[in-house]
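The values are calculated or read from the model by the stated rules, or taken from the named source; none is laboratory data. These numbers come from a predicted model, not from an experiment. Counting neighbours? That spans all protein chains shown, and the Cβs are built from the backbone with ideal geometry, glycine included. Calculation scope for accessible area: heavy atoms of the full protein, side chains included, ligands and nucleic acids excluded. Shrake-Rupley method; radii C 1.70, N 1.55, O 1.52, S 1.80 Å.
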Amino acid sequence: MFKPKFKPTLKSLTSLHWLWAVLLAAPLFFQYFPEKQTAYKPAAKPNILFIFADDQRADALGIAGNAVVKTPNIDQLAKSGVRFANCYVMGGHHGAICAPSRAMLMSGKSLFHVYDVLDGVHTMPQHFAENGYETFGTGKWHNGAKTFEASFQKGKAVMLGGMSDHFQVPVRDLNNGKLGEPVTKGFSTDIFTEAALSYIDEYAKSKKANPFFCYIAYTAPHDPRSPREDYIGKYPEKDIPLPGNFKPVHPFDYGEAQVRDENLAPWPRTPEIIKATLSDYYGLISHLDARVGDIIRSLKEKGLYENTIIVYAADNGLAVGSHGLLGKQSLYEHSMKVPFIITGPGIPKGQVSNALVYLYDIFPTLASVTGIPKPGAVDGKSLSEVISGKARSVRESSFTAYRNLIRAVRDDEWKLIRYPNRDYTQLFNLKKDPLELENLSGKAAYRQKEESLKKLLVQWQQQTGDTVAYTAKTILPMKYEPEKFERIMDKNQPKYTQDKYFKK
């Protein structure tokens with residue numbers, strides 16, 4: 001008969017009891033200290049709230065040094081994140097810069113690689129939808145109804161086209177993948193805000209199975225310069241300083257003296273008309289800022305703010321009296337430079353970057369900071385390392401273009417603007433002359449700098465597919481008489497702007 005060698009004693013039995021106790025308690029231990037035995041799980045992908053203004057120049061924000069306009073909510077976004085002080089739209093093929101600007105933003109492609117209608121183009125919201133995001137859009141869509149339907153899963157209060165009377169906005173809802181018939185509503189800023197708030201509320205009540213990509217494209221502060229009634233006169237005209245580069249007329253004709261935007265005030269521009277225009281412009285911006293505040297509060301109240309990356313940007317700048325111009329159909333800083341702010345989880349706070357960036361960099365940047373795959377076939381560069389502080393820049397120079405009329409290139413300090421049809425060049429030292437007032441072209445002391453920038457401009461043209469010659473075959477005159485121009489009012493101007501800006 002088998003006899004075990006081990007004979008239990010009181011001491012050994014006590015040890016066995018302790019062993020069993022440890023084994024029985026192990027599950028409880030790991031329940032209370034799960035990090036000891038579970039694999040690391042990354043945090044949920046952040047939501048994206050993209051707020052896009054229309055015709056807001058980069059310096060039309062308090063945070064950008066504007067001492068007149070009040071934008072506390074947008075300023076707070078900048079304080080809580082990164083503001084890019086040198087963000088540009090690359091330019092346009094025609095006077096409605098909004099359309100190519102939005103096409104570049106949505107595609108991540110540069111000006112000469114995409115056109116206005118995005119048929120068949122892989123867009124930013126499509127890319128996020130393909131990578132697990134729920135996509136919603138409201139507001140202005142200037143790139144064709146079919147491309148909106150292809151880009152967004154949900155949509156409400158969508159305005160197709162470039163502009164409208166702010167009080168009579170034709171908007172459509174997206175149902176079953178199709179945009180419906182237009183219904184006229186007003187005021188534009190309120191319509192688009194309420195649509196976004198409605199979506200955020202709906203999302204907050206849902207299971208939140210997927211993060212959201214919410215795109216809000218305002219039509220403010222694009223003209224008509226007709227703020228909502230309670231914002232009219234918010235900025236008394238007498239208290240508004242003129243732009244530092246105000247001129248009664250542009251000093252020469254470069255081919256766009258009578259484009260639609262320039263018809264919005266008579267020639268020569270008077271201090272009074274520019275101050276009145278800026279008063280209304282700033283009123284539109286402050287209204288927009290207030291509604292941005294409402295959206296941010298909604299995110300916070302619904303527990304969504306902490307996991308939402310917020311982008312604030314605009315499609316192009318605007319002259320509003322600078323250089324004798326009103327519109328955006330030039331390559332001066334005031335017309336090509338736009339606001340760009342990014343804030344949210346993982347984004348450093350209170351940073352300002354002077355890197356030279358484009359709006360079309362935003363698509364790959366958002367893909368990078370949210371951890372989804374990089375989009376293919378884009379020209380834009382991810383700014384994630386600039387945002388994190390690992391890099392100071394992604395390019396050493398930037399290039400802009402407008403129709404076949406103007407080309408420009410700039411580096412950290414210098415800028416050259418070329419008018420091929422006039423065989424005319426401007427050279428500015430942006431550090432010493434940020435308002436672009438002193439043309440140094442043709443001066444012996446700057447000949448070498450001008451020549452190097454000319455070569456740089458040609459290199460950019462070759463890289464981007466731009467075929468416009470540095471000097472046109474036919475040279476047109478620069479002299480013109482704007483005082484003799486006849487003004488034509490477009491159909492979108494409401495009574496307020498008709499009475500204020502068009503009646504003699």
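For the peptides 152-158, 458-464, 238-244, what is the packing order when you average, over each peptide's residues, the other Cβ atoms within 10 Å and list the highest mean first?
Working: 152-158: 22.7, 458-464: 15.0, 238-244: 12.6.
Those peptides, ordered most packed to least, come out 152-158, 458-464, 238-244.
Please give the calculated 222 nm ellipticity per residue for the chain, where each DSSP H segment of at least 4 residues contributes -39500 (n - 2.57) and the sum is spread over every residue; nearest 500 deg cm²/dmol? Please report the intermediate quantities before stating the final value.
Numbers: 11 runs with 140 residues, N = 504.
Calculated at 222 nm, the ellipticity per residue is -9000 deg cm²/dmol.
What are the membrane-span-like helices in the chain by this rule: whole DSSP H runs, Cα extent along the axis at least 20 Å, mean Kyte-Doolittle hydropathy at least 0.5?
On the way: long enough: 10-32 (33 Å, 1.05); 188-205 (26 Å, -0.14); 271-301 (45 Å, 0.00); 447-464 (26 Å, -1.53).
Qualifying helices, which must be both long enough and hydrophobic enough, are 10-32.
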Of all DSSP beta bridges in the chain, what percent run antiparallel (nearest 5)? 50 percent
I'm spelling it out carefully: the read-out is Rg and Dmax of the Cα atoms in Å, the candidates are (i) 25.4, 101; (ii) 26.2, 120; (iii) 27.9, 126, and one was derived from this structure. Which label? (iii)
Carbon and sulfur atoms: what percent of the 1.4 Å accessible area of the chain do they account for? 55 percent
Label-point gap, in nm, between residue 252 and residue 463 - each point 7 angstrom along Cα→Cβ: 2.7 nm
How much net charge surrounds residue 470 when only the other residues with a Cβ under 15 Å from the Cβ of residue 470 are counted, with Lys and Arg +1 and Asp and Glu -1? +2
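Taking the Cα centre of the chain as origin, work out the dipole magnitude from +1 charges on Lys and Arg Cβ and -1 charges on Asp and Glu Cβ, in debye rounded to 20.
Working: 65 positive and 53 negative charges, 390 e Å.
Around 1880 debye, computed over the chain.
Once the Cβ-Cβ distance between residue 474 and residue 145 is put in as r, and R0 is 56 Å, what FRET efficiency do you end up with, to the nearest 0.05? Before the final figure, lay out the partial values.
Details: r = 39 Å, r/R0 = 0.70.
Efficiency, from the Cβ-Cβ distance: 0.90.
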Within a Cβ distance under 15 Å of residue 138, other residues only, what is the Lys/Arg minus Asp/Glu net charge? -2
Identify all lysines with a Cα-Cα distance to residue 390 below 28 Å; exclude those on the same chain that are fewer than 8 residues away in sequence. 41, 45, 79, 109, 337, 349, 374, 381, 415, 431
Extending each Cα 7 Å along its Cβ direction at residue 208 and residue 444, get the distance between those two points in nm, one decimal. 7.0 nm
With the Cα gyration tensor of the stretch 350-415 giving a ≥ b ≥ c as the square roots of its eigenvalues, does the rule (a/c under 1.5 for rounded; else a/b larger than b/c for prolate; else oblate) give rounded, prolate or oblate? oblate
To the nearest Å², the heavy-atom accessible area per residue of the stretch 190-339 with 1.4 Å probe amounts to 30 Å²
Which one of 222, 364, 398 is farthest out on the positive end of the charge dipole of the chain, using unit charges on Cβ (Lys, Arg +1; Asp, Glu -1) and the Cα centre as origin? 364
Quick check: convex hull over the Cα atoms of the stretch 308-369, volume per residue in Å³, rounded to an integer? 103 Å³
Quickly work out the residue 297-to-residue 485 label distance, labels modelled 7 Å from Cα along the C-beta direction, and quote it in nm with one decimal. 4.2 nm
Using only Cα atoms, locate the centre of the stretch 153-188 and the centre of the stretch 365-401, then give the distance between them in Å, rounded to an integer. 32 Å
Packing rank of 92-101, 445-454, 331-340, 492-501, where each peptide gets the mean count of other beta carbons within 10 Å, highest leading: 331-340, 92-101, 492-501, 445-454
